[in-house]
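A.B. asks: Provided herewith is a single structure, encoded as structure tokens, for subsequent inquiry.
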Amino acid sequence: MVSRVIPVDRFDLVIFGATGDLANRKILPGLFRRYCAGQIPEGSTIIGAARSEMTPEEFRDQTRAAIAEFGGNKCDDEGALDGFLPMLDYVAIDAKGDGGWDDLKSKVRDDTVNAFYFSVAPALFGDLAERLHTRGIAGPEARIVVEKPFGRDLASAKALNAALAEYFDETQIYRIDHYLGKETVQNLMAVRFANILFEPLWNSQFVDHVQITVAETVGVGGRGSYYDKSGAMRDMVQNHMMQLLCLIAMEPPYHFDPDAVRDEKLKVIRALQPVQPADIVRGQYAASKDAPGYLEDAEDPESTTESYIAMKCHVANWRWVNTPFYLRTGKRLRARTSEIAITFKEPPHQIFDDAEGEWRENVLVIRLQPNEGMNLKMMIKEPGPGGMRLVQVPLDMSFAEALGDEADITDAYERLIMDVIRGNQTLFMRGDEVEAAWAWTDPIIEGWEARGDKPQTYDSGASGPDDALMLMHRDGRRWREIRE
Ligand SMILES: NC(=O)c1ccc[n+]([C@@H]2O[C@H](COP(=O)([O-])OP(=O)(O)OC[C@H]3O[C@@H](n4cnc5c(N)ncnc54)[C@H](OP(=O)(O)O)[C@@H]3O)[C@@H](O)[C@H]2O)c1
């Protein structure tokens, strides 16, 4: 099967922060891969902007090096680079300064899609928005792309929303949560809403519980003091994990349309109950033989920021009233893996005796990484004579194996940038969604701060603090093993 490339209109994309890590690792290589796929129309331009003085030629050299390092192996044809690099231009601009804006204005054309990617610290969003508007560079059709973190609490998120709303309409603002650009995350919607099979079972009557795991093997060394200001709750739960939870828990939208989808996600966030202190476990990784522990990485021996969090959440609505959602995420865990596991209940009546095999629950596992795909654990009869013995087997689908080229999956950033050019906001967070997520998160963080709770230490390379195991054991459940 060959990937179908849906063309976009000719565009001028300005990347503020074009000399930074995100631009070099994700945005520029992603654009190159889209060029190789034939999706970038002739005559489009990509204009880098940052304070560093550099010529367009130097910016192309920087981009060439970034593509060599992070471009992936999908397009290694030197000829493709010769076609792509001339699309690049560069303007030296300080978001807070006055120089360079006229130059930028002269490069952004009226007859193309105009998009402005703010790949800079959020503190600069307001300055950029104000200058782009007042200098007549970004008109009412222009699109503004902003990165996480979108605030560190409700008040700061509201301030960012207000700073953007002063100059741009909500329909122009694209808040990136790159998890929403992942193929499997979108597949979650396809599985739910394009099949009749699961939706009738997708509720508390049939789903025992849901587990969402995002485990990383790396620590925070190198950016420890930066990470220490946020922690796992702000860095992962408030945005990525909340989005995954929303896609599992939401009602079917009336149409696959940006506001219809986002309205349903918002209802889920608003239905999330406050989390009880007993349902939260926070941890910090300990030093191992060959790597420092969290406190050393954070450069603060007194830090109480969590590098791990596990929690039990409840969505208080008719569909989910008795189904807990267990979330966990952490650094320096046993394996790098992200998955959602939906565990179904027992059949209402067992006709097979215990002696005839071991009954296990049906589990639908949606793997985000590695090896994106799905796995449905089913009970079948053990082959061979000797009576009716049951055994659990996986119905396993790796997207790469099942779909070949089609699953040669575009990186989340590639997909999201093309959606910006297309003007499709479905996979971007709306302002009210982000604020609702912070409104749920803030009291949880304030609670542990007020109580002076300290995170527990967990071994590097393990699966988290002991109390996280207890969080499920006391409910008669257990976490799935963290493994690749
Ligand atoms: N890196 C990631 O993987 C990642 C992932 C998710 C979200 N993000 C978010 O994306 C944003 C960028 O991250 P990053 O990792 O690329 O940061 P970074 O490596 O520190 O780069 C920051 C960029 O901003 C430019 N810049 C700084 N001050 C400026 C100013 N006053 N005017 C114009 N440009 C200015 C810098 O260039 P000059 O010094 O030349 O001006 C540089 O190009 C941040 O908000 C970050 O939280 C990053």
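A.B. asks: Which order, highest average first, do 298-307, 12-21 follow once you tally other Cβ atoms within 10 Å for each residue and take the mean per peptide?
C.D. replies: 12-21, 298-307
A.B. asks: To continue, here is another question. Per DSSP H run of at least 4 residues, take -39500 (n - 2.57); add these up for the chain, divide by its residues and hand me the 222 nm value, nearest 500 deg cm²/dmol.
C.D. replies: So the helix-based figure for the chain works out to -9000 deg cm²/dmol.
A.B. asks: With r defined as the distance between the Cβ atoms of K345 and F256 and R0 fixed at 45 Å, what FRET efficiency is calculated, to the nearest 0.05? If you can, show how the numbers build up before the last one.
C.D. replies: Details: r = 29 Å, r/R0 = 0.65.
The computed FRET efficiency comes out at 0.95.
A.B. asks: What do you get for the angle between helix 258-271 and the principal long axis of the chain? Use alpha-carbon atoms, 0 to 90 degrees, nearest ten.
C.D. replies: Taking the Cα atoms of the chain, the angle to 258-271 is about 50 degrees.
A.B. asks: Right, something else. Suppose the chain between Y226 and A278 were pulled fully straight at 0.36 nm per residue; how much longer would it get relative to their current alpha carbon spacing?
C.D. replies: Length difference between fully extended and current span is 15.9 nm.
A.B. asks: Also: Can you give me the convex hull volume of the Cα atoms of the stretch 228-293, divided per residue and expressed in Å³?
C.D. replies: Working: hull volume 9.2 nm³, N = 66.
About 139 Å³ per residue, rounded to a whole number.
A.B. asks: Still on this structure: By how many degrees, between 0 and 90 and to the nearest 10, does the Cα long axis of helix 431-451 differ from the longest principal axis of the chain?
C.D. replies: Taking the Cα atoms of the chain, the angle to 431-451 is about 60 degrees.
A.B. asks: Can I get the semi-axes of the stretch 424-467's equivalent ellipsoid? Compute them from the C-alpha gyration tensor as square roots of 5 times the eigenvalues, in angstrom, largest first. Provide the component values of the computation, followed by the final result.
C.D. replies: Working: eigenvalues 191, 70, 6 Å².
Those come to 31, 19, 6 Å.
A.B. asks: Mind sorting H133, H349, H209 by how few other Cβ atoms lie within 10 Å of their own Cβ, fewest first? Intermediate values should be presented prior to the final figure.
C.D. replies: Values: H133 17, H349 5, H209 20.
Ranking H133, H349, H209 by Cβ neighbours within 10 Å, fewest first, gives H349, H133, H209.
A.B. asks: Cα axis of helix 56-70 to longest principal axis of the chain: angle in degrees, 0 to 90, nearest 10?
C.D. replies: So the helix axis and the longest Cα principal axis differ by about 20 degrees.
A.B. asks: What span do the alpha-carbon atoms of the stretch 129-284 cover on each of the three principal axes, reported in whole Å from largest to smallest?
C.D. replies: Projected onto its principal axes, the Cα set of the stretch 129-284 covers 57, 43, 28 Å.
A.B. asks: Add +1 for every Lys or Arg and -1 for every Asp or Glu among the other residues with Cβ under 13 Å from the Cβ of F206, and state the total.
C.D. replies: -2
A.B. asks: Taking neighbour Cβ counts within 10 Å as the exposure measure, how do T171, T63, T184 sort from fewest upward?
C.D. replies: On the way: T171 14, T63 27, T184 23.
So the residues, fewest neighbours to most, are T171, T184, T63.
A.B. asks: A further question on this structure: Under the rule of at least 5 residues apart or a separate chain, name every residue whose amide H is placed under 5 Å from the amide H of Y167.
C.D. replies: HN-HN under 5 Å from Y167: empty list.
A.B. asks: In square nanometres, what is one fourth of the surface area of the convex hull spanned by the alpha carbons of the stretch 206-319? Mind dumping the intermediate values first?
C.D. replies: Numbers: hull surface 37.7 nm².
Taking a quarter of the hull surface, the average projection is 9.4 nm².
A.B. asks: Can you tell me, using C-alpha contacts under 8 Å and at least 6 residues apart, the relative contact order of the stretch 8-118 as a whole percent?
C.D. replies: With pairs under 8 Å counted, the relative contact order is 41 percent.
A.B. asks: In addition: Once you treat every alpha carbon in the stretch 145-188 as an equal point and sum by Debye, what is log10 I(q)/I(0) at q = 0.13, 0.24, 0.31 Å⁻¹?
C.D. replies: The calculated log intensity ratios at q = 0.13, 0.24, 0.31 Å⁻¹ are -0.36, -0.87, -1.07.
A.B. asks: I would also like to ask the following. Output the lone cysteines of the chain: those with no second cysteine's C-beta under 4.7 Å from their C-beta.
C.D. replies: C246, C313
A.B. asks: If amide H atoms are built 1.01 Å from N in the plane of the peptide, which residues on other chains or at least 5 residues away come under 5 Å of the amide H of T457?
C.D. replies: Residues meeting the amide H criterion: Q284.
A.B. asks: Can you list the residues, at least 5 places off or on another chain, whose amide H is less than 5 Å from the amide H of V220, using H built in the peptide plane?
C.D. replies: It is none; the list stays empty.
A.B. asks: Given the C-alpha atoms of the stretch 1-152, compute the convex hull and give its volume per residue in Å³.
C.D. replies: So the per-residue hull volume is 126 Å³.
A.B. asks: Something else about it: Could you work out how far the C-alpha centroid of the stretch 31-63 sits from that of the stretch 406-484, in angstrom?
C.D. replies: 33 Å
A.B. asks: May I ask for log10 I(q)/I(0) of the stretch 381-484 at q = 0.14, 0.17, 0.23 Å⁻¹, from a Debye sum over the Cα atoms as equal point scatterers with solvent left out?
C.D. replies: -1.12, -1.13, -1.16
A.B. asks: Two decimals is fine: what's Rg over Rh for the chain, C-alpha atoms, Kirkwood radius as Rh?
C.D. replies: 0.99
A.B. asks: Could I ask something else about it? Rounded to two decimal places and with Rh computed the Kirkwood way over Cα pairs, what is Rg over Rh for the stretch 300-374?
C.D. replies: Here the Rg-to-Rh quotient is 1.10.
A.B. asks: Provide the convex hull volume over Cα atoms per residue for the stretch 88-203, in Å³.
C.D. replies: Cα-based convex hull of the stretch 88-203, divided per residue, equals 155 Å³.
Bear in mind these aren't lab numbers, they're just calculated from the coordinates by the rules spelled out. All values derive from a computational prediction rather than experimental measurement. FYI the Cβ positions are ideal-geometry reconstructions off the backbone, even for glycines, and counts take in every protein chain you see.
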